[in-house]
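Readers should treat all values here as calculations from the given coordinates under stated rules, not as data from a laboratory. Here the structure is a predicted model, which means the values were calculated and not measured. For neighbour counting, all protein chains shown are included, and Cβ atoms are generated from backbone atoms with ideal geometry for every residue, glycine included.
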Amino acid sequence: MKNKEHTRQVRDTVVKKFKAGFGYKKISQALNIPRSTVQAIILKWKEYKTTANLPRPGRPSKLSAHTRRRLIRDAAKRPMITLDELQRSTAEVGETVHRTTISRILHKSGLYGRVARRKPFLKDIYKKCSLKFATSHLGDTPNMWKKVLWSDETKIELFGNNANCYFWRKSNTAHHPEHTIPTVKHGGGSIMVWACFSSAGTGKMVKIDGKMDGAKYRTILAENLMESAKDLRLGRRFVFQQDNDPKHKAKSTMEWFKNKHIQVLEWPSQSPDLNPIENLWKELKTAVHKCSPSNLTELELVCKEEWEKMSVSRCAKLIETYSKQLTAVISAKGGATKY
C-alpha cells in the first residue's frame, strides 16, 4: 500500500529526465525516490500520455490491507463467526465499517454465507465401512444397480426447519466436516414416511403412524415392497436396499425376506451419502414446503403427490451416475460428500 502520493511536479520531473535520456536508476538517485516509483510513473506516462491523477473506480477502502487480510483469515478459520463479531473486531483496531462492507470483502475472497448442511455424525468405524462398501462396488455395472429397490425413512416437517446455521465457506465445500452440522437420525418431526424407488421411478410411500418397530416395519414391507417391485417391473431377482436400523435387521424381519426369496443388499451403518434416495428426499422436501400445507393431513397428501411426480428420468439419472457417488465417498475416505 502506498504511504504517500508524489506531487505532479515530481512526476513531471521524472518524465522530463526520462525524455532527456536518463535511466531509472539515475532518476531515482537524483530525486531521492524509489526506482520502482520511477518505473511506475514512466509506465503510466507511456500508457496514458499524462502524469495527472486518473479517475479512480470508487472511494478508497476504509479498511487497511492488513485488516482486510485478517477478516478473511478469521472467517476461513472460524466459519461460524458472525458479521457482528467481525465488525467488532475491526472497530477494536479503530477501523469502523458497515456489515455490508465486510460481507463484500469476504465475497471478493470467495467466501459466502451459506446455511450449514446437516450430516449424520460419523465415527471412524462408520467411515471405514462406507469406504469398504464403495470400494468393493465401484466396478459394478449400471445394470446391476438398476435391479436395486432403494428404501429409507425420513421426517418431513410441517413448516420446514427454521433452525438454520450460517457458515462462511467457498463454493463446492458444503459437505466438508467443518461446514456441516452432525445430526442424529429421526430426531422427531411432523410426520415420518417410508418410501422406495428404483431407476424405473418411485415406488410406494407410506406414512408411519406412531413409533416404528419390527412388526410395523414388516407390515409396511408386506403391503408395499412387492407391489412396488411389481409396479416398477423389477422382476423376481431384484435386490432390496435398507439401512442397518435394528428393526430392519431383526431376526424376524430377515426371516421374512428369506421366506419371500428377497435378496437384501449388505449395507454399511450410518452411510446416507451412499443412498441415492437422499437426493430425492431433499427435492421432495423442497417441493412440499413450496406447497405450504397447513396441517398434518394436507402434509401427508402433498408428500405422496409430490413423490409420485418425481420423474422417471430423474430416478434413472441417479442410478446411472451412482458410480460417481461411490467415487466421491472413496475420495472422502468414507466421510461426508456433496451427495
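Numerical summary
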{"item": "Residue list for the range 241-276, filter: surrounded by fewer than 20 Cβ atoms within 10 Å (Cβ to Cβ) and hydrophobic (A, V, I, L, M, F, W, C)", "result": "ALA250, MET254, TRP256, PHE257, ILE262, VAL264, LEU265, TRP267"}
{"item": "Within the range 193-219, considering residues that are touching a Lys or Arg at 6+ places or on another chain (Cβ under 6 Å) and assigned to a helix (DSSP H, G or I), the one surrounded by the most Cβ atoms within 10 Å (Cβ to Cβ)", "result": "TYR217"}
{"item": "The range 307-319 - residue that is part of a helix (DSSP H, G or I) and surrounded by 14 or more Cβ atoms within 10 Å (Cβ to Cβ) and, of those, farthest from the chain's Cα centre (by Cα)", "result": "VAL312"}
{"item": "Complete set of residues in the range 3-22 that are touching a helix residue (DSSP H, G or I) at 6+ places or on another chain (Cβ under 9 Å) and either part of a helix (DSSP H, G or I) or surrounded by fewer than 13 Cβ atoms within 10 Å (Cβ to Cβ) (or both)", "result": "VAL10, ARG11, THR13, VAL14, VAL15, LYS17, PHE18"}
{"item": "Odd one out for GLY94 among (1) small (Gly, Ala, Ser); (2) more than 22 Å from GLY113 (Cβ to Cβ); (3) in a loop (DSSP other than H, G, I, E, B); (4) in contact with a helix residue (DSSP H, G or I) (Cβ under 9 Å, 6 or more places away or on another chain)", "result": "(4)"}
{"item": "Residue in the range 276-293 that is nearest to the chain's Cα centre (by Cα), counting only those that are more than 14 Å from LYS155 (Cβ to Cβ) and without any contact (Cβ under 8 Å) to a residue 24 or more places away in the chain", "result": "THR286"}
{"item": "Selection from the range 227-240 of residues that are more than 32 Å from the chain's Cα centre (by Cα), surrounded by 18 or more Cβ atoms within 10 Å (Cβ to Cβ) and assigned to a helix (DSSP H, G or I)", "result": "ALA229"}
{"item": "Odd one out for LYS304, checked against (1) touching a helix residue (DSSP H, G or I) at 6+ places or on another chain (Cβ under 9 Å); (2) surrounded by 13 or more Cβ atoms within 10 Å (Cβ to Cβ); (3) in contact (Cβ under 8 Å) with a residue 12 or more places away in the chain", "result": "(1)"}
